[in-house]
Every structure is written in C-alpha cells, then in structure tokens.
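The values are calculated or read from the model by the stated rules, or taken from the named source; none is laboratory data. Please read these numbers as outputs of a predicted model, since none were measured by experiment. Cβ coordinates were reconstructed from backbone atoms using ideal geometry, including for glycine residues, and neighbour counts include every protein chain displayed. Note: areas computed on protein heavy atoms with side chains; ligands, DNA, RNA excluded. Shrake-Rupley method; radii C 1.70, N 1.55, O 1.52, S 1.80 Å.
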Amino acid sequence: MTNQIIINTDVEKSKISRHIYGHFAEHLGRGIYEGIWVGEDSPIPNTNGIRNDVLKALKQIKVPVLRWPGGCFADEYHWKDGVGPRENRKRMINTHWGGVVENNHFGTHEFMMLCEMLGCEPYICGNVGSGTVQEMSEWVEYMTFDGESPMANWRKENGREQPWKLKYFGVGNESWGCGGNMRPEYYADLYRRYQTFVRNYGDNRIYKIAGGAGVVDDYNWTEVVMKNAHWLMDGLSLHYYTIPGDFLLGKGSSTEFTDDEWTITMKKALYMDELIKKHGTIMDKYDPEKRIGLIIDEWGTWFDPEPGTNPGFLYQQNTIRDALVAAIHFNIFHNHADRVHMANIAQTINVLQAMILTEGEKMLLTPTYHVFDMFKVNQDAVALAVDNNFEEYQSKNEHLPKISISASKDGHNKVHINLACLDHLEGTEFSIELRGMNLDRATINGTILTADEKNAHNTFEHPDYVKPAIFDNYTIKNGKLSVKLPPMSVAVISVDEGEK
Ligand code: AHR
C-alpha cells in the first residue's frame, strides 16, 4: 500500500538542536547595513541603531544562533578596525561584495549587542586567510577575558565592562576558496596552529569549528581535515547551496522559472541528504561517537541577482519554491540530528534565501520566514522514527519523492509532523499512523503555507500574498490521520494527547 506513513512516537532518535534553526548574516550588500543596522540617528525606528521591525520579526522565529561577519568577508575582516568610537573607525573596501566602502560601524560591540537583544548565541568566524594568529587570539581575549589584560582593558575603555559569553568560533571560512585557496593538508596544519591560540578564559568554553568542504562534494577535504585534526575540533562545517542552474553560467531567476526548474530545484535541495550521509560516513571513521558536530553554516537557494540590483549584493526574491527548499532541508536536518548540530541559513536579510527583505523603511517577511516560524516547534524536540511508503513525483526524467517528512516530540509530549508536498502540479492524499498515541483523545492543530502559482511571493505592495493559514484538511479514520495536502505546500500538524 502506498501513501502510508508510520510514526513511532515511542521510538525517540536524537535531540534536534535548536541551533539547526540558526542564521548567517555577512557584511554583504544590504544584509547588515540597512537590513539590521541603521544607526541611532536613522529616521527608521531603531534601538541603539538596530531597526525595530527586523528585531521584532527575528525574535518571533526564535533565532537561536547567529553567524557573523562572514562568509568570504570574514577572511578579510580585521576586527580591531570595528571597535572604538565609530567616527574614528577605519573605512575599507568590501572587495568580495560589490566593492563598496565598509565603514566598520557594525563591529564586535554592535554584533554582541544584537545577539543579546535577540537572546541568541553569537557564532564568530575568525580570519585565517589574511589575518594573523595573534589577531585571532586577541579577538577571543578581547571578547571573553575577565580581569586585567591588554585586550580586556581595551574592551572596557570601549564601553563594555563584563566579558561576553562566546561559545561558537569558526577558524576560517571556505579556506579551499575565497578564504585562501588552500589544499586540505595545508588548511589542516593551519587549523591546528590557529585553534591552539583560541583560548578558554575563565569559565568560557569555546566550541571550535574547523572549515569543511563546500560547493563541490569534496570528500577528500573532509577525510584529510578529519584525519589530521579531528581531536582538536568540536565541529566541522559544510556549505551547500541549492542552485537550479550553473554557478558561473547562470543560476536561474528567483521568480521566472519553468516547471523543469522547479523540479530540478527540489532535486538539488534533496541532495543535502546525500552530502550529510557521505561526509558523515567519513566523520564516523574518526569520530564514531559523533562528538563532532556537522555544522552546515551556509545553506539555501542561490539564484541570479534581481535585475537592476548590484550583482555583488546577492539580492534575490523568495517564492513558495524557497519555502519548499527550506522545509526539505529542515526535514533532512531533523532526520540527521545525531550528526548535524547546527545549520545557518544564508542569509538572514536581503541576501540570498532571506527571511526578510527591506526597502528603506519598508520590510516584508518571505515564504522562507514563514517556514522558520512554523517549524520552530521542533527546536530542541526529539526526532521520532518515521517510516513511509510513498508514491513518486515524476516530471520529465526526474523521479523524486512526492513528499518530505519528519516528526518530533517536544518537552510537553506534543508530536509535530512536518510535511512538504514537492509536486507543484498535483497534491496528495495519505494516512499517518501515530503508533503509541490515541488520536481519539488528542487535540490536533495544523498550519499550512501554500500558493496557487509556483512563483508566488511577497512584495512591498502585497506583503501578505504568501502567508500561513490554518490547516484542517484531515480526518481521523480507523485511528489514523487521513491527510490531503495541496501541491507545493508545507504543513505542520501538531498532535497533543495531553498528560498520559
Ligand atoms: O553566502 C555568500 C557566500 O557564499 C559566502 O560569503 C561564502 O562563504 C560562500 O561562498
């Protein structure tokens, strides 16, 4: 029998770290400047320079961790240029991203303040590509040393008496590419050297993240770096972008795309599963206990920039297709929660697969934002075992799964079923058996995000064109849930049996 899903609510797998719902905000285009930072004197309502509308929207989705300052920018960022009185801060050229002037007004203090306002963990990426060991070491001292030290004293002079708590620290970014074009052997040695001087001061404990493979399925990178440095790291990163076209020849438009491009986008999003399995297998060799987290600190769609915008700013629209890509990724991450300890979408605002788009004082929430909002119930819940036997979704030569699914149980024993119908033309009907639960006495709630056109998106004129709605297209038959999902939809069904 096809189209049957069985969820074993008593077979608990790993905890889904809330950090899987993490973010990445780089000094790139209008991601930081305008998107987050407008400065205290801006007519845009702000708190200490951070815009209020964005802050409120990000609090709603419970951002657990924020990666900064890059990306490629991290390997040319010199943190000392970004502290002290703003009017004296050094101006630099952001050579990677549009060649614009970076005035360094958003630096360490502003980033840490943002994290405090959001109630999230900071995740800082240090500069290996063009920075020194001393510079990296002093940055950690500046942020975390409690007491008398040259860097701690400087921090205090700059207005911050207490050290900050800093857990997550990345040693370089994409060192195989924009971070220095290194070979894995060379990076492994540099990692060993740099991380030595990333110190734990007082009771601050740093979770050190080594730079992993990216863009291509470079399993050799993972093998060499793990072999030579696994005992010195807590996490290993992985970058993978969903690009329907070709990275150099044309990635495809974010809003004008064919049926085939829809399907290929789904297929490429699903590829994340294979990447985690294969990199995970190599990691298992050196770390069978799964102590080291796979930190997928850049993921999401990457399309051609919006026509008429600076191509170096990577600004793109966001449609229901992006929502499907986000849901597919979360389901994959949940199902690999034993190894995937963190993931950071690229990027939070105005860049690539953004949650939020701004135009001056205007702001809109994208379909991707709504998936983060709907799926946040899974943060720190326990993944459940799911079996399914499902019809395929065929389009031209592609045979893809018709749905993507994961399930979790939260601290109140509520079960969350996370669904996505990948087919953009036809919906689907199926049954869900929740073994270990009695549906007759349960309270069930559902939310759905869907659209009538495959390129449906929100604009500043129509910011609520794509938004979640109540989902109740299900019945209980013979103790099972019988569900009808429309095409191109994302749904979360929550089942609460109350206290047992
Ligand atoms: O997110 C945009 C860029 O993609 C990042 O700066 C880099 O790390 C990756 O190649």
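Regarding N94, is this residue within 20 Å of I349 (Cβ to Cβ) and open to solvent by 10 Å² or more (accessible area, probe 1.4 Å)?
Details: within 20 Å of I349 (Cβ to Cβ): yes; open to solvent by 10 Å² or more (accessible area, probe 1.4 Å): no.
Considered against the rule, which asks whether it is within 20 Å of I349 (Cβ to Cβ) and open to solvent by 10 Å² or more (accessible area, probe 1.4 Å), N94 comes out as no.
Would a scan of the range 280-291 turn up a residue that is without any contact (Cβ under 8 Å) to a residue 60 or more places away in the chain, hydrophobic (A, V, I, L, M, F, W, C) and open to solvent by 10 Å² or more (accessible area, probe 1.4 Å)?
No - not one qualifying residue is present in the range 280-291.
Collect the residues in the range 62-100 that are in contact (Cβ under 8 Å) with a residue 60 or more places away in the chain and in a helix (DSSP H, G or I), keeping them in residue-number order.
C72, A74, D75, W79, listed by residue number.
Would you check if there is a residue in the range 333-345 being within 15 Å of the ligand (Cβ to nearest atom), in a loop (DSSP other than H, G, I, E, B) and of a type in the set (V, I, T)? Walk me through it before giving the result.
Going residue by residue through the range 333-345, those that are within 15 Å of the ligand (Cβ to nearest atom) are 343-345.
The next check asks that each one be in a loop (DSSP other than H, G, I, E, B); those that pass are none.
Among the residues of the range 333-345, not one is within 15 Å of the ligand (Cβ to nearest atom), in a loop (DSSP other than H, G, I, E, B) and of a type in the set (V, I, T), which makes the answer no.
Would you check which residues across the range 167-187 are within 16 Å of the ligand (Cβ to nearest atom), open to solvent by 20 Å² or more (accessible area, probe 1.4 Å) and either touching a His at 6+ places or on another chain (Cβ under 9 Å) or without any contact (Cβ under 8 Å) to a residue 24 or more places away in the chain (or both) and list them?
E174, C178, N181, M182
Answer yes or no: is there a residue in the range 287-299 that is away from the ligand (no atom under 16 Å from the Cβ), assigned to a helix (DSSP H, G or I) and under 17 Å from G22 (Cβ atoms). Please lay out each step first, then the result.
Our first condition is that a residue be away from the ligand (no atom under 16 Å from the Cβ); within the range 287-299, this holds for 287-294.
From the residues that got through so far, the ones that are assigned to a helix (DSSP H, G or I) too are none.
So far as the range 287-299 goes, no, none of its residues is away from the ligand (no atom under 16 Å from the Cβ), assigned to a helix (DSSP H, G or I) and under 17 Å from G22 (Cβ atoms).
Hey, G159 hits all of (1) buried (at least 16 other Cβ atoms within 10 Å of the Cβ); (2) closer than 25 Å to G107 by Cβ; (3) away from the ligand (no atom under 16 Å from the Cβ) but one; which does it fall short on?
Unmet for G159, out of (1) buried (at least 16 other Cβ atoms within 10 Å of the Cβ); (2) closer than 25 Å to G107 by Cβ; (3) away from the ligand (no atom under 16 Å from the Cβ): (1).
Residues are listed down the side, and each one gets a yes or a no for (1) of a type in the set (S, T, Y); (2) more than 21 Å from D217 (Cβ to Cβ):
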site	(1), (2)
G245	no, no
G252	no, no
T255	yes, yes
P288	no, yes
G300	no, no
D304	no, yes
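Which ones in the range 14-41 are open to solvent by less than 40 Å² (accessible area, probe 1.4 Å) and within 16 Å of the ligand (Cβ to nearest atom)?
First, the residues of the range 14-41 that are open to solvent by less than 40 Å² (accessible area, probe 1.4 Å): 14, 16-17, 19-29, 31-32, 35-39.
Within the range 14-41, G22, H23, F24, A25, E26, H27, L28, G29, G31, I32, G35, I36 meet the criteria.
Out of the residues in the range 225-249 that are assigned to a helix (DSSP H, G or I) and open to solvent by 30 Å² or more (accessible area, probe 1.4 Å), which is farthest from the ligand (Cβ to nearest atom)? First the steps, then the outcome.
Taking the range 225-249 and keeping what is assigned to a helix (DSSP H, G or I), we get 225-232.
With open to solvent by 30 Å² or more (accessible area, probe 1.4 Å) added as a condition, the list becomes 227-228, 230-232.
Numbers: K227: 24, N228: 22, H230: 23, W231: 26, L232: 22 Å.
Applying the filter and picking the extreme gives W231.
With a cut-off of at least 2 residues that are touching a residue at least 40 places away in the same chain (Cβ under 8 Å) and within 16 Å of I417 (Cα to Cα), name the strands (runs of 3 or more DSSP E) lying wholly within the range 456-497.
Working: elements: 474-477, 480-485, 489-496.
The qualifying strands (runs of 3 or more DSSP E) are 480-485, 489-496.
If the requirement is being in a loop (DSSP other than H, G, I, E, B) and either of a type outside the set (A, V, I, L, M, F, W, C) or at pLDDT 95 or above (or both), which of these qualifies: G312, G308? Quick ask: steps written out before the conclusion?
Numbers: G312 fails: in a loop (DSSP other than H, G, I, E, B).
Result of the check over G312, G308: G308.
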